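Input: a single structure, listed below in structure tokens.
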Amino acid sequence: MSHIEQFCESAIAKGDGTSSKDHEYFESMKKSIRNLAYYSELLPLLNHKNEWVVCWVASHLLANGYHTEALKSLNKLATGNGMASFSAVITIQEYKRGCFKSPFG
């Protein structure tokens, strides 16, 4: 399985963070990102069908110089309902305040 596939699988499984394996899924996403040669490999995931994949990857890309692309995806996601939309709203707010950092360190 590729690092991208592993990231997506873990982001989907993590979902809203209510799983008993939440920490394991987060660590798997973090490891997948660390093993990528270039963050630009994540850009296609901004159009992923799963909103959690989009939210997590956009948050990471936003903190790593891909502001335009990430904000576009986060703003689109923020117009929906549910926890992923709420997460996108909070991420955008924190970015605008200058307080945002990648969730993956």
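Summary table
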{"read-out": "Förster radius 25 Å - calculated FRET efficiency between Ile12 and Ser40, Cβ distance, rounded to 0.05", "value": "0.70"}
{"read-out": "Alpha carbon centroid spacing (whole Å) that separates the range 4-20 from the range 46-105", "value": "16"}
{"read-out": "Net charge of neighbours whose Cβ lies under 12 Å from the Cβ of Glu27, counting Lys and Arg as +1 and Asp and Glu as -1", "value": "+3"}
{"read-out": "The range 10-20 - phi-based ³J(HN,Hα) in whole Hz, Karplus 6.51/-1.76/1.60, Gly and Pro as x", "value": "5, 5, 5, 5, 5, x, 8, x, 9, 6, 5"}
{"read-out": "(1) 12.5, 37; (2) 14.1, 41; (3) 13.5, 39, with the label sought being that of the calculated Rg and Dmax of the Cα atoms in Å", "value": "(1)"}
{"read-out": "Burial ordering of Ser28, Ser20, fewest other beta-carbon atoms within 10 Å first", "value": "Ser20, Ser28"}
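Taken together, the values in this text are just the output of simple stated rules run on the coordinates, not laboratory data. For clarity, every value in this text was computed on a predicted model and none was experimentally measured. When we count neighbours, we look across all protein chains shown, and the Cβ atoms used for this are built from the backbone with ideal geometry, even at glycine.
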